[in-house]
Amino acid sequence: MILPKNQSALIEEIYSISKSNSVELFLVGGFLRDSLLDIESLDYDFVVEGDAIKFAETLKAEIGGELKSFASFGTAKLVNFNFESSIYELDFAMAREESYAHPGALPTVVSGKLESDLQRRDFTINSMAIALRDIVESLNAELTLKELIRAKLLDPFGGLLDLDQKLIRILHDLSFQDDPTRIFRAYRYLVRIGGELEQHTAKLLQTALKDCALQNISVFRIYNEFKKIALEQNPSRVFAELLKHGVLAGCGWFSKKSGEKFCQAVELSNNLSEDLPLILLASIDQVKAEAALKEMRFKSKEISAFKNQITQSSDSVLISFLNECK
């Protein structure tokens, strides 16, 4: 089968409900990218040419679950549904176009077509789609999922070729200015696929850093990108790339020396998602660190607990190193 049985049954159910409601669904982004890299993916993101929230509500009525919707973006997430499957969440978004009031702002969105939705994405390797209909109709075919995607892929911006060549390429010249979090994502994907930045993309990224683009977004949004990096298979390599190419310095918290300490500490961590606040607190200037952690929405009590954890005696190699950093 194209998909494991516990996934295909849910996908068939979603398709059946979409068909009976005359809604066409497209799978986009990470599922296609990872499947083409032979990486198993449960990243089921659907684009709807129409009202995605309404469709998600219709689906919830059939399979249950908890629905979170975001009307300003036309998106919805369905979790904890009553269906035995290894898929644990489903994301739906209306096909949309985006505009930015100023660099670093959250986007203003309006309904659009599939191609305009793909064009507003971060990189070409994430700007591919496949009709859910094409997957369901081929579930019992003598094909691999990878072969099916290659045969039926909707790829207006050359994402497949870039993926084959292991290139990270943005879709338009103001991409990093519009959404500077894409700078972090560029290196996250670069390390994940073992690739490199396309030449023009690399130049535009450095221009955005020189223009202090990262100062246009909140510390909270930057920290969210750090947390995503912490979940990668090789986070220390990603942070090393960010240090090497001036991205950490562009955050405004790191000197060259503190950036190096931060990366050394990341390598020593056995649970980076949990250790990130400790590492930040010990690696960078104390005043900047506490201010940054507050902007990351940590409470004063939590920050005090982090400090105590760093200073207390421990057999942990990481804690010992962080004490030396102070």
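The values are calculated or read from the model by the stated rules, or taken from the named source; none is laboratory data. All values reported here derive from a predicted model rather than from experimental measurement. Positions of Cβ are generated from backbone atoms using ideal geometry, with glycine treated the same way; all protein chains shown enter the neighbour counts.
Filtered by the rule that a residue be touching a strand residue (DSSP E or B) at 6+ places or on another chain (Cβ under 7 Å) and among the β-branched types (Val, Ile, Thr), region 30-81 gives Val47, Val48, Ile53, Thr75, Val79. Checking each residue in region 11-55 for being under 20 Å from Ile125 (Cα atoms) and among the polar types (S, T, N, Q) picks out Ser35, Ser41.
Please verify whether region 151-158 includes one or more residues that are among the charged types (D, E, K, R) and either free of Cβ contacts under 8 Å to residues at least 60 places away in the same chain or surrounded by fewer than 16 Cβ atoms within 10 Å (Cβ to Cβ) (or both). The answer is yes; a qualifying residue exists.
Please determine, by comparing only the residues of region 1-50 that are of a type in the set (Lys, Arg) and surrounded by fewer than 17 Cβ atoms within 10 Å (Cβ to Cβ), which one is nearest to Ala131 (Cα to Cα).
First pass over region 1-50, keeping only residues of a type in the set (Lys, Arg): 5, 19, 33.
Keeping just the survivors that are surrounded by fewer than 17 Cβ atoms within 10 Å (Cβ to Cβ) gives 5, 19.
Values: Lys5: 20, Lys19: 12 Å.
Ranking the qualifying residues of region 1-50, first place goes to Lys19.
Of all residues in region 118-131, those being surrounded by 21 or more Cβ atoms within 10 Å (Cβ to Cβ) and either on the phi > 0 side of the Ramachandran plot or in a helix (DSSP H, G or I) (or both) number 4.
The residue of region 106-117 that is surrounded by the fewest Cβ atoms within 10 Å (Cβ to Cβ), among those that are over 23 Å from Asp162 (Cα atoms) and among the hydroxyl-bearing types (Ser, Thr, Tyr), is Thr108. For Asn140, the conditions (1) within 30 Å of Pro4 (Cα to Cα); (2) touching a helix residue (DSSP H, G or I) at 6+ places or on another chain (Cβ under 7 Å); (3) of a type in the set (S, T, N, Q) are fulfilled apart from (2). Cβ-Cβ contacts under 8 Å between residues 6 or more apart (or on different chains), taken from a first residue in region 20-31 that is without any contact (Cβ under 8 Å) to a residue 40 or more places away in the chain to a second residue that is in a helix (DSSP H, G or I), are listed as Asn21/Phe55; Asn21/Thr58; Val23/Phe55. Within region 64-105, the set of residues being at pLDDT 90 or above and aliphatic (A, V, I, L, M) comprises Leu67, Ala71, Ala76, Leu78, Val79, Leu90, Ala93, Met94, Ala95.
Each row is one residue, and each column tells you yes or no for (1) over 27 Å from Leu248 (Cα atoms); (2) aromatic (Phe, Trp, Tyr); (3) assigned by TED's automatic domain parsing to the domain that holds Val247.
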| residue | (1), (2), (3) |
| --- | --- |
| Leu114 | yes, no, no |
| Glu137 | yes, no, no |
| Glu147 | yes, no, no |
| Leu174 | no, no, no |
| Phe184 | no, yes, no |
| Val191 | no, no, no |
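In this structure, is Leu42 at pLDDT below 90, in contact with a helix residue (DSSP H, G or I) (Cβ under 9 Å, 6 or more places away or on another chain) and closer than 30 Å to Ile193 by Cα? The answer is yes for Leu42.
Listed here are the residues, each with its yes/no results for (1) among the hydrophobic types (A, V, I, L, M, F, W, C); (2) more than 20 Å from Asn323 (Cβ to Cβ); (3) more than 17 Å from the chain's Cα centre (by Cα).
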site: Ile222; (1), (2), (3): yes, yes, no
site: Glu232; (1), (2), (3): no, yes, no
site: Lys261; (1), (2), (3): no, no, yes
site: Ala265; (1), (2), (3): yes, no, yes
site: Ser283; (1), (2), (3): no, no, yes
site: Val287; (1), (2), (3): yes, no, yes
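Among residues belonging to region 51-81 that are touching a helix residue (DSSP H, G or I) at 6+ places or on another chain (Cβ under 6 Å) and of a type outside the set (A, V, I, L, M), point out the one that is surrounded by the fewest Cβ atoms within 10 Å (Cβ to Cβ). It would help to see each step written out before you state the result.
Going residue by residue through region 51-81, those that are touching a helix residue (DSSP H, G or I) at 6+ places or on another chain (Cβ under 6 Å) are 59, 62, 67, 69, 74, 76, 78, 81.
From the residues that got through so far, the ones that are of a type outside the set (A, V, I, L, M) too are 62, 69, 74, 81.
Working: Glu62: 15, Ser69: 17, Gly74: 21, Phe81: 21.
Within region 51-81, the match that is surrounded by the fewest Cβ atoms within 10 Å (Cβ to Cβ) is Glu62.
Considering region 152-190, and only residues there that are touching a strand residue (DSSP E or B) at 6+ places or on another chain (Cβ under 6 Å) and assigned to a helix (DSSP H, G or I), the residue that is farthest from Phe123 (Cα to Cα) turns out to be Lys152. When the criteria are applied in full, Thr144 fails the requirement of being modelled with pLDDT of 95 or more and β-branched (Val, Ile, Thr).
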